[in-house]
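To start, the structure itself, in structure tokens.
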Amino acid sequence: MQLQVTSGPIAAQTTDTVVIEVSEGQRRLTGAAAQVDAALDGTITTLLREGLFAGRAGELTTLPSLGRVPAKRVVVHGVGGEAARTLDGLRARAGNLGRALRGLDAGHVAVSLQAATDHLDPEAAARAVAEGFVLGLYRFDKHHTRAEDRPRGSVASITLVEPTASRLPAVRRGVEAGRILAEATNLARDLGNEPANLMTPTIVAERAQTLAAECGLECEVIERAEAERLGMGSYLSVAAGSAQPPKFIVLRYHGGGRQKPIALVGKGITFDTGGISLKPGAGMERMKGDMTGAAAVIASMQAIARLAPAVNVIAVAPCTENMPGGNATKPGDVVYAMDGQSIEVLNTDAEGRLVLADGLAYARREGATTLIDIATLTGAMNVALGSVRIGTFANNDRLYQELERASTASGERLWRMPLDAEYFELIKSDVADLKNTGGAAAGSITAAKFLERFAHDTPWAHLDIAAVMDAAADRGEQVKGNTGRPVRTLVHFVLGRARG
Ligand code: BES
Ligand code: MN
Ligand code: ZN
């Protein structure tokens with residue numbers, strides 16, 4: 001789908017479809033809507049006067065243009081009341097509108113941006129609209145071999161029409177950034193939606209290498225033997241039961257000269273059976289998404305490379321399957337992480353923290369001054385916060401505040417979770433430095449306390465995305481399936497660092 005920006009009267013657009021917006025309770029049309037209404041001899045005014053169109057958010061009416069404007073069809077789109085006029089509301093509306101237009105097989109579409117940019121910063125508004133369209137129109141249907149099994153319809157292009165020419169440069173910048181952020185999110189979705197037989201650690205590594213070649217990133221893939229030499233006993237203990245070779249993936253972006261890098265560390269379990277502490281069968285297929293953290297950090301690097309901020313960033317993605325097998329790690333086994341700490345593995349299904357321990361240790365060895373890990377770590381996160389906010393832990397207030405600012409820009413909401421010292425008591429082991437589970441209470445917090453030990457004194461934040469990795473239904477910019485959260489937040493964070 002092409003996304004472009006133009007100025008000029010909406011009524012003159014030569015696309016197949018033009019979309020104009022009407023607010024709830026609006027009596028008199030203005031701007032673009034008034035222009036199109038005049039060309040259609042007041043048909044839209046009639047719709048409003050006769051109570052045939054209320055302007056509620058998501059309401060759509062299609063009118064044939066009868067040759068009175070160049071476009072074949074006019075879509076009147078309800079945008080709701082004032083409350084929906086936020087960047088988040090705009091993004092969600094564009095997502096819903098994009099899918100509605102696809103259902104109409106709308107072809108080339110021109111959309112008035114006026115209502116969007118009236119009260120908001122034009123660049124931010126354009127970014128939100130572009131994100132909404134690109135994210136909302138995403139679909140993962142490559143494995144349907146019959147066309148009739150794929151969702152019908154298409155949108156060939158969307159042209160955003162900005163009536164005020166002086167705003168055009170800001171709108172173009174916003175659309176470009178929004179497209180880059182949304183395409184990176186869609187890349188993460190693609191990696192996460194792919195079934196585990198087609199997204200093995202080897203395939204994730206190949207995808208990272210391809211991305212690096214395309215975007216001018218450096219890519220290093222650490223194989224099992226090298227991981228052994230580096231002392232990554234915690235990470236390798238998860239890989240022990242799998243026939244698939246583990247791949248510890250590192251992507252490097254150099255934009256900041258000799259600065260020390262920011263590290264983004266993503267959990268990359270390409271399938272989580274639980275290992276010897278086997279998960280129940282029902283719903284286990286969801287665990288193909290247990291590499292969403294890795295997908296998010298890899299995909300974020302695509303947007304970072306394209307936006308080229310003046311910082312250094314490394315993405316670290318320890319990837320492996322978690323399988324039961326003859327060589328698999330057993331409950332009670334003791335393993336050693338790269339930083340020398342010993343871990344008693346009481347439950348092989350608490351594997352995410354084991355791969356992240358070495359991911360964090362490796363990032364510190366690379367000289368990272370900020371550590372941010374992203375992981376589908378605990379089912380308990382869904383109990384605490386559900387799928388609305390991402391539970392976020394940090395050992396540093398300033399870092400948390402920076403992340404919160406980034407999440408305000410992205411609309412991917414965070415919520416700070418506690419790390420009180422007392423919680424650490426729950427993961428003290430009788431036989432090793434730490435144990436990998438702390439029992440039923442405070443499951444997300446004890447997991448975070450475990451990771452905190454591997455950050456040592458480095459400023460660190462941990463985003464537990466277990467509850468937000470997939471969406472149950474299409475809604476706004478979200479599409480059923482992997483969400484690609486929190487790619488846009490990570491990129492905004494990095495951009496914020498570059499601005500200083
Ligand atoms: N990958 C799971 C967590 C998860 C659950 C992600 C649901 C997405 C949706 C993780 O490895 C896991 O199994 N966690 C255990 C930890 C427990 C054994 C301490 C859990 O949450 O039950
Ligand atoms: Mn698990
Ligand atoms: Zn897992």
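The values are calculated or read from the model by the stated rules, or taken from the named source; none is laboratory data. Small disclaimer: the values here were computed from a predicted structure and weren't measured. Please note: Cβ atoms are built from the backbone with ideal geometry, for glycine as well, and neighbour counts cover all protein chains shown.
Side notes on the structure shown:
- Residues of the range 287-323 that are charged (D, E, K, R) and either in contact with a Leu (Cβ under 9 Å, 6 or more places away or on another chain) or within 14 Å of ligand 1 (Cβ to nearest atom) (or both): K288, D290, E321.
- Unique residue being touching a residue at least 60 places away in the same chain (Cβ under 8 Å) and more than 13 Å from ligand 2 (Cβ to nearest atom) when the list is G241, G281, G255, G275: G255
- Residue check, G281 more than 14 Å from G367 (Cα to Cα) and surrounded by 16 or more Cβ atoms within 10 Å (Cβ to Cβ): no
- Residue within the range 155-173 that is touching a Lys or Arg at 6+ places or on another chain (Cβ under 9 Å), surrounded by fewer than 24 Cβ atoms within 10 Å (Cβ to Cβ), within 21 Å of G132 (Cβ to Cβ) and of a type in the set (S, T, Y) present: no
- Cβ pairs under 6 Å, 6+ apart, first in the range 123-137 and touching a residue at least 24 places away in the same chain (Cβ under 8 Å), second surrounded by fewer than 24 Cβ atoms within 10 Å (Cβ to Cβ) and part of a helix (DSSP H, G or I): E123/A170; E123/R173; A124/L87; R127/A177; A128/L87; A130/R179; V134/R179; G136/R99
- Among the conditions (1) assigned to a loop (DSSP other than H, G, I, E, B); (2) within 16 Å of ligand 2 (Cβ to nearest atom); (3) out of contact with any Asp or Glu (no Cβ under 7 Å at 6 or more places or on another chain); (4) farther than 25 Å from E223 by Cα, N382 misses just one, which is (1).
- Those residues of the range 267-286 which are within 13 Å of ligand 1 (Cβ to nearest atom) and small (G, A, S), in sequence order: G268, G274, G275, S277, A282, G283
- Identity of the residue in the range 257-283, within 16 Å of ligand 3 (Cβ to nearest atom), of a type in the set (A, V, I, L, M, F, W, C) and assigned to a loop (DSSP other than H, G, I, E, B), that ends up farthest from the chain's Cα centre (by Cα): I276
- Of all residues in the range 332-353 being within 13 Å of ligand 2 (Cβ to nearest atom) and over 23 Å from N197 (Cβ atoms), the one that is surrounded by the most Cβ atoms within 10 Å (Cβ to Cβ): R353
- Test: residue in the range 359-372 that is in the same structural domain as M291 (by TED's automatic domain parsing), within 16 Å of ligand 2 (Cβ to nearest atom), touching a helix residue (DSSP H, G or I) at 6+ places or on another chain (Cβ under 6 Å) and touching a residue at least 60 places away in the same chain (Cβ under 8 Å): no
- Taking the range 332-342 as the range and being of a type in the set (A, V, I, L, M) and touching a helix residue (DSSP H, G or I) at 6+ places or on another chain (Cβ under 6 Å) as the test, the residues that pass are V335, A337, M338.
- Within the range 445-465, at least one residue is of a type in the set (D, E), on the phi < 0 side of the Ramachandran plot and in contact (Cβ under 8 Å) with a residue 60 or more places away in the chain.
- Residue within the range 96-114 that is in a helix (DSSP H, G or I), of a type in the set (S, T, Y), at pLDDT below 95 and crowded, with 18+ Cβ neighbours inside 10 Å present: no
- Looking only at the range 308-331, and only at residues there that are touching a helix residue (DSSP H, G or I) at 6+ places or on another chain (Cβ under 7 Å) and assigned to a loop (DSSP other than H, G, I, E, B), the one that is surrounded by the most Cβ atoms within 10 Å (Cβ to Cβ): T329
- For the range 212-244, filtering for residues that are surrounded by 19 or more Cβ atoms within 10 Å (Cβ to Cβ), in a helix (DSSP H, G or I) and either of a type outside the set (S, T, Y) or within 21 Å of the chain's Cα centre (by Cα) (or both) leaves 6.
- Residue within the range 345-354 that is within 14 Å of ligand 1 (Cβ to nearest atom), over 20 Å from A240 (Cβ atoms) and in the same structural domain as R475 (by TED's automatic domain parsing) present: no
- Residue in the range 27-36 that is in a strand (DSSP E or B), of a type in the set (V, I, T) and either modelled with pLDDT of 95 or more or touching a strand residue (DSSP E or B) at 6+ places or on another chain (Cβ under 7 Å) (or both) present: no
- Failed item, numbered, when R286 is tested on (1) closer than 23 Å to A361 by Cα; (2) outside any loop (DSSP other than H, G, I, E, B): (1)
- Selected residue [more than 20 Å from R453 (Cβ to Cβ) and in contact with a Phe, Trp or Tyr (Cβ under 7 Å, 6 or more places away or on another chain)] from V355, V313: V313
- Of all residues in the range 118-141, those being in a loop (DSSP other than H, G, I, E, B) and under 22 Å from R189 (Cβ atoms) number 5.
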